[in-house]
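What follows is a set of notes on a single structure, which appears directly below.
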Number of protein chains: 6
Amino acid sequence: MQSQLNHFDEQGNVVMVDVSAKNATLRTATAQGRITVSADVLRAIVQGTAAKGDVLGVARVAGIMAAKRTWELIPLCHPLALSHLSVDFTILEQESAVLAQCTAQLWGQTGVEMEALTGVTTALLTIYDMCKAMDRGMELSDIHLVYKDGGKSGQYRREEEQT
Amino acid sequence: MQSQLNHFDEQGNVVMVDVSAKNATLRTATAQGRITVSADVLRAIVQGTAAKGDVLGVARVAGIMAAKRTWELIPLCHPLALSHLSVDFTILEQESAVLAQCTAQLWGQTGVEMEALTGVTTALLTIYDMCKAMDRGMELSDIHLVYKDGGKSGQYRREEEQT
Amino acid sequence: MQSQLNHFDEQGNVVMVDVSAKNATLRTATAQGRITVSADVLRAIVQGTAAKGDVLGVARVAGIMAAKRTWELIPLCHPLALSHLSVDFTILEQESAVLAQCTAQLWGQTGVEMEALTGVTTALLTIYDMCKAMDRGMELSDIHLVYKDGGKSGQYRREEEQT
Amino acid sequence: MQSQLNHFDEQGNVVMVDVSAKNATLRTATAQGRITVSADVLRAIVQGTAAKGDVLGVARVAGIMAAKRTWELIPLCHPLALSHLSVDFTILEQESAVLAQCTAQLWGQTGVEMEALTGVTTALLTIYDMCKAMDRGMELSDIHLVYKDGGKSGQYRREEEQT
Amino acid sequence: MQSQLNHFDEQGNVVMVDVSAKNATLRTATAQGRITVSADVLRAIVQGTAAKGDVLGVARVAGIMAAKRTWELIPLCHPLALSHLSVDFTILEQESAVLAQCTAQLWGQTGVEMEALTGVTTALLTIYDMCKAMDRGMELSDIHLVYKDGGKSGQYRREEEQT
Amino acid sequence: MQSQLNHFDEQGNVVMVDVSAKNATLRTATAQGRITVSADVLRAIVQGTAAKGDVLGVARVAGIMAAKRTWELIPLCHPLALSHLSVDFTILEQESAVLAQCTAQLWGQTGVEMEALTGVTTALLTIYDMCKAMDRGMELSDIHLVYKDGGKSGQYRREEEQT
């Protein structure tokens, strides 16, 4: 790990970091997060997925579409032409929560962690939007990087992974 | 609170809810969330704000710009012409975290909760992006609505507010 | 009907027509179109909807999201804050086709025909995208306005509606 | 041709297909479609092109600009950095129609059919927008892929091409 | 004129200024600017406009489309649903330059100066783009507000207008 | 230098030029421009940068973000995945102006001049926006390419560079 913020030049001004001399390697990143909801909302989501009113289906599409546009949202992210994106959900009955996981992939000069994180948060926000008429107290939490690989800094795997 | 998801018609298909008959009222929403970082990152952020390398300044701009584009990201959100947006940060020394708060306002037919939440998450993701070379273990959490007012459902204030 | 193109000034240069003096009325528009597919694709779509692999669910979201962004795509369209959007599909077994219908609504100074048409075409293109590995010969056709109301030109209903 | 929809994983959830292991080849695609208009509109378009009020010039620009943004509109399309785009029109006097053709090109890992199709439909919708004050009965039809080349599936040419 | 920057709160943090209490009035703004080009480029532009290769036609469309998206580009601009937009060009033979003028209009709570300025600069940059193979020394200059009206600050007209 | 506009085909219709056969080389471009402001505004900007109310910090972020989206704004620009972007400002006390400089970089098939120019103009427009309550007479000028390298046309350096 570096000991400095790397989005600044020597004068302390922000830059989009120069990656033109970096090697292109296969970059992968997986991020996850959760939204905690009321019992009623969880039931509506689970039943909706099985029958009709597909909250998670819409949230998956939203996560995928937002991840592609990460560089428009996060000021110093590089524009990237992602080669793979997926968003998955797990129902956590006991915690009354939905866990979202997003994986992004690219053969390129810079990592895709922000893309995976943006996919996760947008998917969770979409669940919030579609359920907010029932419950305004929902909360997003535990949003973090799970895994990344590729590039000079190599592999990273978060230790205490609880799925 | 309604007992049903309101983004679906009778066949269970998603729609962008019809708000054309709703009254225009002043809509306000405040959301918040936090990012927990390492002690090194917190120091870099705090010093950066005071002197150079302004992480929070960039994150504030990112949050404001993303909140304006909420309807492009969240599939069933209405396009809104927000009349006010602000993003504020509080350094939580003890928790080694940064708290972000976003307030959105509009004189219109539909609420602005999603805009406030999108502003918060994008601001926090931008902090993540600018500090990730130092710490990949940062985590976003406690992202929720704090307050809203306006519209038929009236005022909502989250109970246990801890700032 | 006017006898002239209305997106030009006296010099023949294109303009975004001035609607600031127009009355705000409730504007509605419905457009439709179809995609003709192979028997295999139709079967995959129908079964996918019932069980898994929800082509039409994704196409519906795509249509709604694109309709909101019509003014970014069609050069002389006014930016509009739509108050309602829906996309519906009908399976036409005999014609081996899927019919898409999009309705847009707004209380405003200009009509929403282009929004309805953009919703339909993007929904149909999304079906094409998701099925093109099975069939490259699919064709979009019969894309037209079905109904509009509001504004000075009043109501329009296409005569020979065949659903 | 594959016998399955390829935008789904084994659970039936949509994904943006992984193309990171695919070879980069030169990808080309040409799509076309038409808009049928009243005799008055056709006259206005033809005269406009020759003298002033350049409907087709605006529609060409709209088609090119939209094709670049295909991946923002079609949920599971990969972001692509197209290397070539053109949109051409042919006046079909007898059918009282305008034929639009769009060609897209890229040296990359995935095809550009959707880009060509999006260019065609947006160009045609722009013609509709600019002429709708004269004729609301215009119709888009015959929108299909004409030709594609590159990638594992190789060349495709639609049989009965009528220009 | 105020003696302070108005995009900051008391802590010096940027905000999108609250306009929700402002009256809606008719807002108009006109901005202009010029691009100075070589004699060869000017000739190509003039002849292109008359016959084929319509540089100014494309630049006009680009200016109109960009002005609609001003709030996406300028961080603290409010999203606005403009009701009118036009871009005009004047050939300045003696100065070997093209003058661009953009007018924006809106019935709303905030001014449209930035929209007019964004329309002008994008139109001029498009001319640069289309002619840069002939001349890399072109220069944009004299970009300023010509006129504005509406809102509390009322009318403004730049004094020494030279067209 | 070519003697013809290169964004047109033989019929005089605009195209996005085919670069698929071009070699990928390292492309660099630097552009600059200035905004002339009143003495009061200059003081506010300079003091704001040192203490609070960071006009230039916001303008820098705006310039970087807009440069990434150049291809969405300039109709015939190729979509590019820039590998480096920076925006710098110099206070010109005597001229009562702020000079902005933007550098863009890419390993690719086409140049990045337009990206550098778009970064400069958007940064300057953002300064205008944030200071316009104090001074409506500000003017953008001297916007031009300073330097470019890479590609078949090789290096270009503007002669009379005055910083």
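Readers should treat all values here as calculations from the given coordinates under stated rules, not as data from a laboratory. Every value quoted in this text rests on a predicted model; they were computed, and no experiment measured them. Neighbour counts run over all protein chains shown; Cβ positions are idealised from the backbone, glycine included.
Do you know the Lys pair count in chain A for C-alpha distances under 28 Å, with sequence separation 8 or more or different chains? Could the numbers behind the result be given before it?
Working: A:K22/A:K68; A:K22/A:K148; A:K22/A:K152; A:K52/A:K68; A:K52/A:K132; A:K68/A:K132; A:K68/A:K148; A:K68/A:K152.
Eligible lysine pairs with Cα atoms under 28 Å apart amount to 8.
Please list, in order along segment B:88-96, the HN-Hα scalar couplings obtained from phi with the Karplus expression 6.51 cos²θ - 1.76 cosθ + 1.60 (θ = phi - 60°), rounded to whole Hz, x for Gly and Pro.
Calculated HN-Hα couplings, in order: 10, 10, 10, 7, 9, 4, 5, 7, 6 Hz.
How many angstrom lie between the C-alpha centres of segment F:110-154 and segment A:92-163?
A separation of 37 Å, based on Cα centres.
Write down Rg/Rh for segment C:25-148, rounded to two decimals, with Rg from the C-alpha atoms and Rh from the Kirkwood relation over Cα pairs.
On the way: Rg = 14.6 Å, Rh = 14.5 Å.
My calculation of the ratio gives 1.01.
Compute, for chain D, the length of the dipole vector about the Cα centre, with Cβ point charges of +1 (Lys, Arg) and -1 (Asp, Glu) only. Units Debye, rounded to 20. Don't skip to the end; give the middle numbers.
Values: 14 positive and 19 negative charges, 81 e Å.
Value, rounded to 20: 380 debye.
Test of understanding: ordering C:E113, F:E160, D:E93 by Cβ neighbours within 10 Å, fewest first, what list do you get?
In order of increasing Cβ crowding within 10 Å: F:E160, D:E93, C:E113.
Could you give me the radius of gyration and the Dmax of the protein assembly as shown, taking only the C-alpha atoms into account and expressing both in angstrom?
26.2, 78
Along the charge dipole of segment E:1-111, pointing to its positive end and built from +1/-1 on Cβ of Lys, Arg, Asp and Glu, which listed residue (E:L99, E:G57, E:N6) has its Cα farthest out?
Toward the positive end, the furthest listed residue is E:G57.
List the relative contact order of chain C as a percent without decimals, with contacts defined as Cα pairs under 8 Å and 6+ residues apart.
35
Relative to the longest principal axis of the C-alpha atoms of chain C, give the angle of the C-alpha long axis of helix C:39-50, reported between 0 and 90° and rounded to the nearest 10°.
80
Helix E:55-68 versus the longest principal axis of chain E: what is the Cα-based angle in degrees, 0 to 90, to the nearest 10?
Tilt of helix E:55-68: around 10 degrees.
Just rank A:K132, C:K152, fewest to most, by other beta-carbon atoms within 10 angstrom.
C:K152, A:K132
Give the nm distances, rounded to one decimal, from F:G154 to the matching residue in every other copy, measuring between label points 7 Å along Cα toward the beta carbon; shortest first.
4.5, 4.5, 6.1, 7.1, 7.7
How much FRET efficiency would the formula 1/(1 + (r/R0)^6) give for D:E95 and C:K22, where r is the Cβ-Cβ distance and R0 is 35 Å, rounded to 0.05? Could you put the intermediate results ahead of the total?
Working: r = 35 Å, r/R0 = 1.00.
According to the calculation, E is roughly 0.50.
If you count, for every residue in D:88-101, the Cβ atoms of partner chains within 10 Å of its Cβ, what is the mean?
Mean number of neighbouring Cβ atoms from other chains: 0.
How tilted is helix A:113-131 with respect to the longest principal axis of chain A? Cα atoms for both, answer in degrees (0 to 90, nearest 10).
That works out to roughly 20 degrees.
Can you compute the charge dipole magnitude of the protein assembly as shown about its Cα centre, using +1 on each Lys and Arg Cβ and -1 on each Asp and Glu Cβ, nothing else charged? Give it in debye, rounded to the nearest 20. Working shown, then result.
On the way: 84 positive and 114 negative charges, 0 e Å.
For this selection, approximately 0 debye.
Once the label point is set 7 Å along the Cα-to-beta-carbon vector, what list of distances in nm do you get between A:T25 and its counterparts in the other copies?
Ordered by distance, the counterparts are at 3.0, 3.0, 5.6, 6.1, 6.5 nm.
Under the definition of partner shielding as Cβ atoms of other protein chains within 10 Å of a residue Cβ, what is the mean value for peptide F:19-27?
3
With runs of 4+ DSSP H residues as the only contributors, calculate the mean residue ellipticity of chain C at 222 nm using -39,500 (n - 2.57) per run, divided by the residue total and rounded to the nearest 500.
Value at 222 nm, helices only: -9500 deg cm²/dmol.
Rank the residues B:R43, F:R27, A:R60, A:R136 as a footprinting-exposure proxy: fewest other Cβ atoms within 10 Å of their Cβ go first.
B:R43, A:R136, F:R27, A:R60
Across peptide E:119-128, how many C-beta atoms of other chains are within 10 Å of each residue C-beta, on average?
Per residue, the number of nearby Cβ atoms from other chains is 5 on average.
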